1. Could you check, for segment 24-36, whether at least one of its residues is farther than 24 Å from Gly168 by Cβ, in contact (Cβ under 8 Å) with a residue 60 or more places away in the chain and either outside the structural domain of Gln275 (by TED's automatic domain parsing) or basic (Lys, Arg) (or both)?
2. Of the residues Ile374, Ile419, which is in contact with a Leu (Cβ under 9 Å, 6 or more places away or on another chain) and of a type in the set (A, V, I, L, M, F, W, C)?
3. Please tell me if Lys103 is within 20 Å of the chain's Cα centre (by Cα) and either surrounded by 22 or more Cβ atoms within 10 Å (Cβ to Cβ) or among the basic types (Lys, Arg) (or both).
4. Among the residues of segment 403-449, count how many are under 24 Å from the mean Cα position of the chain (by Cα) and of a type in the set (Ser, Thr, Tyr).
5. Conditions first: (1) surrounded by 18 or more Cβ atoms within 10 Å (Cβ to Cβ); (2) among the small types (Gly, Ala, Ser); (3) closer than 24 Å to Pro45 by Cα. Ser136 passes all but one, so which condition is the exception?
6. Please enumerate the residues belonging to segment 379-411 that are of a type outside the set (D, E, K, R), surrounded by 19 or more Cβ atoms within 10 Å (Cβ to Cβ), in contact with a Lys or Arg (Cβ under 8 Å, 6 or more places away or on another chain) and not in a loop (DSSP other than H, G, I, E, B).
7. Being in a helix (DSSP H, G or I) and either touching a His at 6+ places or on another chain (Cβ under 8 Å) or not acidic (Asp, Glu) (or both) is the filter here; which residues of segment 180-207 pass it?
8. Looking at segment 162-198 only, could you name the residues that are more than 13 Å from His309 (Cβ to Cβ), surrounded by 24 or more Cβ atoms within 10 Å (Cβ to Cβ) and among the β-branched types (Val, Ile, Thr)?
Amino acid sequence: MASNPSKRVCNNILEAIGHTPLVRLNSVTKGVPATVYAKVETFNPGNSIKDRMALKMVEDAEKAGILKPGGTIIEGTSGNTGMGLAIAAIVKGYKCIFTTTDKQSKEKVDALKAYGADVIVCPTNVEPEDPRSYYSVAKRLNKEIPNSFYPNQYDNLSNSQAHYEQTGPEIWEQTEGKITHLLVGAGTGGTITGTGRYLKEKNPNVKIWGIDTYGSALKKYHETGVLDKNEIYPYVTEGIGEDFIPLNYDFKIIDHFEKVTDKDAALMTRELCRQEGIWVGNSAGSAIAGLLQLKDQLKPTDVVVVIFHDHGSRYLAKMFNDDWMRKMGYLDTSGMTAQDLVASRKSIEVVTIDKHQPISAALKLITENNYSQIPVTSEDRIVGTIYENTVFNSILKNPAGKSATVESIMKEAMPFVDITTTVHDLSTMVSGEREAVLVKDFKAGRNYIITKSDIAEALAR
């Protein structure tokens, strides 16, 4: 293994980035016929792998004259990239403005603010091209604010280059060239592409496996070259998956994508802490869950390295919160499940309406089928919900408004839950205006809708 870098003396915190340890996994990988190491990136100053590429993007922009003294860094980030950029900005004297989504944990937003950054929270369930998306807001601010720099981690090739120059060589040296498989929870594509390219240059037989999430388009695109909007819907897992294809991806580097459910990712995230004493984030849990799904493809002589991207402290309100886990239906409890409800009824498969359809079309669907609510789609992706009362009230107030689009009256999208969720847990999710939840059979690729009345009937039995 590589020499211990702990005797380094750094002139500033940026020099502490990189040279993170490999840690052998001993408990969660029982039954995996291979040696498995975690590349624990929480040892970076910002507690994530994103420190590497954040600094590289800033330094490359400085060299190109794009980022000038006193400038402002503006980026769309789920938190970790923002942290790396904020640290670099403090040392180098820049300001920071970050846009993020309302799916991200509060801890991530608070951490960015702690570094003095301004944070703008944007809606998750909108198209990337929508002016409200966190991508679009960042681009707009970059045009409006003088002397600003928009790194754009998705399409900035300094992202993957950082991992080609740093992460790949570190892993090769630490395993003494014995690595046979690299597992990476894939998001922007920088880590998997840059690290994978370096390792394949050293040994073309190294397998690069990407971990994707249900609701993301990456796996389908890798296999077909088609960005299938039907693959895209809201998901819970943070840090991996995409609804578009960033330029950092070189899919020829990647040998296979494996999808992991939100539930399996969340449960394994907790187990990593409890069984290995390694407190890491959601993408690490997803990666190990994916490894267990792929274990039959491994043999005893294999050496597997799994990237652990970030720290578990950023998920205290989610994966490490029992109330949140119960609310999401991820903690096993006894009793009837959503799967039982689906099996006992014949008419709960999801019927949707496109956001561009007129309100009159929604009224017809509701009255003819006695629906109380209908999921709203955009290019077959669920982006919102319309309710019976909202439709009726809209028409009563303005009968001539029937030609207005469904989008004009839609509310937030109903949550997706796993088909193994108990009826008791489902009952906690329907409250106030929310009359139903969407149930996903991830492995079968089918969607169902379960209403408040379905749940009430089941509880009354």
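The values are calculated or read from the model by the stated rules, or taken from the named source; none is laboratory data. None of these values were measured; they are calculated from a predicted model. Glycine also receives a Cβ, built like all others from the backbone with ideal geometry; neighbour counts cover every protein chain displayed.
1. no
2. Testing whether each residue is in contact with a Leu (Cβ under 9 Å, 6 or more places away or on another chain) and of a type in the set (A, V, I, L, M, F, W, C) leaves just Ile374.
3. yes
4. 3
5. (3)
6. Selection gives Val383, Gly384, Thr385, Ile386, Tyr387, Val406.
7. The answer is Gly190, Thr191, Ile192, Thr193, Gly194, Thr195, Gly196, Arg197, Tyr198, Leu199, Lys200, Lys202.
8. Ile171, Thr193
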